[in-house]
Amino acid sequence: MDFGKTIARAKAILATPRTEWPVAAAEPASVGSLYAGYIVWIAALPAIAAFIKESLIGTGFLGVVVRVPIGAGIGGMVLKYVLSLVVAYLVALIINALAGTFNGQKDMVQALKTVAYAWTATWIAGIAVIIPWIGWLIAIAGIVYGIYLLYLGLPFTMKCPPEKAGGYTALTVVIAIVLSWIVAMIVAGVIGTAAYTGAAMTGAHLGSTSGDDVTVDPNSALGKLAAMGERAEQASKELEAAQKSGDTAAQHAAMGKMMGAAMGNDGSVQALSTEQVKAFLPETLLGLTRTSSSAQRNNAMGMQVTEAHAEYGDGNGRNVTLEVTDMGTAKGLMAMAGAMSPEEERSTDHGYEKTYTADGRLTHEAWDDQSKSGEYSVVVGQRFTVKAQGAAGSIDDLKQAVASVDLARLEAMREEGVTRN
């Protein structure tokens, strides 16, 4: 097993799909080699991430963190993984069966290539479920980019005319979604509702592509993804040139640019310092005294994030935590999530949770009437998040806590540390 080759293929299909699809389509392969050399490895990523999220980190709702027991979590991970491998094959069968309908050529190996490489975007984006409350938005971006990849690849793998690729893609995606929901229901029946959500997200991974003739609105979510792909392609070429030159400094700079492009940025982003972020935390909040505060700045594999939080309380059970985070390198993904204008709402007998856009800002709120606790978060300047959570008098108190941060000044700093390419 050549892991280097697997990683190189995943990187190339995401960063340079227009040039990588004809190469992938021409390679000799078999169903067995595609599974053993690529699918079983890349498809494992979202299943592992879901296990980490559900069983190790836990899922927070209305101030309560719920963790799936380790045994059930491992069982769910294995079940999701195995079913994802089965669904990949079933969708390949469907792609192959539909080839004649869209003037393509039937070839089961090429159909499986189509699924394997188009789903790469969704499988990798599935790792984002670990990120609190916006992770599912990144996962959706992966699904959309996967559809873009599918559309781009079908003319090469299944030999369909480019003008037929749109209909071919649309029908395949619809069928894949139906299969994904079937998988979700199977997983839910085995390990419960918590797994249902994860399976529904990771199962719908059909990816997608767009041929050279494809025209999309540059201001749409898909248009932004296409631009992201073009930046990643250019950064990939620069990285390759730097590696050939042997210039260490140039390689480091190109790698940073490549990471930025993968995160949806058109340049490099230096996250704010801990002191800059911590300065937004007030000394008092809702009449409560600040009892503690801390800040940290993380930088790993080119990903920079700075987070500061403070605890406020009155010693009588009323306590609130305020967090301010600079998403740094991930600001491009934050912008992508906002561009999709997502909305989600659910309620219980004694509370609710919803995500929506208000005043141009992605907003999330949750409240429990029994415990008088909840959380309220906003995305500021498509880069920063401000969140208040804890036992307060009402959701309005948490909204007031977030408003106590100078959001206008924070938003004005959205371009600080950004260097355009």
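Observations, loosely collected:
- Over all other residues within a Cβ to Cβ distance under 9 Å of ALA366, the charged ones net out to -3, with Lys and Arg as +1 and Asp and Glu as -1.
- Listed cross-link partners LYS80/LYS106; LYS5/LYS106; LYS106/LYS164; LYS5/LYS113; LYS80/LYS159 are compared with a 22 Å cut-off, the Cα-Cα value being larger for LYS80/LYS106; LYS5/LYS106; LYS80/LYS159.
- Counting Lys and Arg as +1 and Asp and Glu as -1 over every other residue whose Cβ lies under 12 Å from the Cβ of PRO282, the net charge comes to 0.
- For region 365-421: Kirkwood Rh in Å [reciprocal of mean 1/r, alpha carbons]: 12.4
- Whole-number percent relative contact order across region 80-167, with pairs defined as alpha carbons under 8 Å at least 6 apart: 33
- Environment charge at HIS309 (Cβ cut-off 15 Å; Lys +1, Arg +1, Asp -1, Glu -1): -3
- Mean Cβ neighbour count within 10 Å, used as a protection proxy, ranking 77-83, 315-321, 144-150, 386-392 highest first: 144-150, 386-392, 77-83, 315-321
Coordinate-derived values only; no laboratory data. Since this is a predicted model, take the numbers as computed values, not measurements. Please note: Cβ atoms are built from the backbone with ideal geometry, for glycine as well, and neighbour counts cover all protein chains shown.
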